[in-house]
């Protein structure tokens, strides 16, 4: 279980200190799909980076299964079972997709297993297994390959920062199915998603709403979502992107 206690995070803008997260406390239970949403600039992606260890809080504690990991590095947290999927996936020139999947799994992955992970995210394995993870791949292809590595990783907690950003409609629909499958088949693992998308909110077990770096609401989806749907400022309408022309990085 992940637990945030009184987390505060600040940045320095030209000598002026500005608060991003303000004294936030939040538990992320085991075996749940939790979606963090809210207005743009509310601190959602910052919170994801704090959990992953990319940023360090100015105050407060981050507890992982009862252990204080506030000062742990990204690598130490990854070894402890926390995985992070970037909003913009990283390219690795000279590294093939199969090698990336094998590294993510942490074992001697068989070719058939690697192909299965690619198939689960809607990629034809024979077309991608030997490809380099470089600029020749589109944003949507990179996103799906990264999610395949997450499946291979099988982490105890996986964090997705706006996974819908920059992908086409078909990829997004496939992404929803991947999340739904993860939610239904991996009962002892937790999934944390930063998203505005109503279709992602709809598959959550719990919703967390951040506004101006503070916890605005938290609870079961059926309790929180009806109010969100009626609040235009809380969940931007991203359905305008449903023509398959790629997602909006803000949605």
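The values are calculated or read from the model by the stated rules, or taken from the named source; none is laboratory data. Bear in mind the structure is a predicted one, so any value in this text is a computation, not a measurement. Because the Cβ atoms are built from the backbone with ideal geometry, glycine has one as well, and the counts that use them run over all protein chains shown.
When each of 82, 20 is tested for being over 22 Å from residue 152 (Cβ atoms) and either surrounded by 17 or more Cβ atoms within 10 Å (Cβ to Cβ) or touching a helix residue (DSSP H, G or I) at 6+ places or on another chain (Cβ under 6 Å) (or both), the lone residue that passes is 20. Select from segment 15-33 the residues that are assigned to a strand (DSSP E or B) and either without any contact (Cβ under 8 Å) to a residue 12 or more places away in the chain or closer than 16 Å to residue 69 by Cα (or both) and list them in ascending order. Selection gives 16, 17, 18, 25, 26, 27, 28.
Among residues of segment 118-131 that are on the phi > 0 side of the Ramachandran plot and touching a residue at least 12 places away in the same chain (Cβ under 8 Å), those with a Cβ under 6 angstrom from a residue that is in a helix (DSSP H, G or I) and crowded, with 18+ Cβ neighbours inside 10 Å, sequence gap 6+ or separate chain, pair up as 122/174. Residues that are touching a residue at least 40 places away in the same chain (Cβ under 8 Å), at positive phi and surrounded by fewer than 20 Cβ atoms within 10 Å (Cβ to Cβ) do occur in segment 209-224, at least one of them. Here residue 97 qualifies as surrounded by 20 or more Cβ atoms within 10 Å (Cβ to Cβ), under 22 Å from residue 174 (Cα atoms) and over 14 Å from the mean Cα position of the chain (by Cα).
Collect the residues in segment 1-49 that are out of contact with any strand residue (DSSP E or B) (no Cβ under 6 Å at 6 or more places or on another chain) and more than 27 Å from residue 226 (Cβ to Cβ), keeping them in residue-number order. Hits for segment 1-49 are 1, 12, 13, 14, 15, 16, 49.
Candidates 54, 62: the one that is in a loop (DSSP other than H, G, I, E, B) and either in contact with a strand residue (DSSP E or B) (Cβ under 6 Å, 6 or more places away or on another chain) or closer than 30 Å to residue 21 by Cβ (or both) is 54. Against the criterion of being under 19 Å from the mean Cα position of the chain (by Cα), in a strand (DSSP E or B), closer than 22 Å to residue 162 by Cα and in contact (Cβ under 8 Å) with a residue 12 or more places away in the chain, residue 36 qualifies.
Of the residues in segment 108-118, none is under 18 Å from the mean Cα position of the chain (by Cα) and exposed (fewer than 14 other Cβ atoms within 10 Å of the Cβ). The condition of being part of a strand (DSSP E or B) and either touching a helix residue (DSSP H, G or I) at 6+ places or on another chain (Cβ under 7 Å) or on the phi > 0 side of the Ramachandran plot (or both) holds for only one of 6, 12, that being 6. Only one of the listed residues (78, 83, 114) is in contact with a strand residue (DSSP E or B) (Cβ under 9 Å, 6 or more places away or on another chain) and in a helix (DSSP H, G or I). That residue is 78.
In segment 122-140, of all residues being modelled with pLDDT under 85 and in contact with a helix residue (DSSP H, G or I) (Cβ under 8 Å, 6 or more places away or on another chain), the one that is farthest from residue 177 (Cα to Cα) corresponds to 140.
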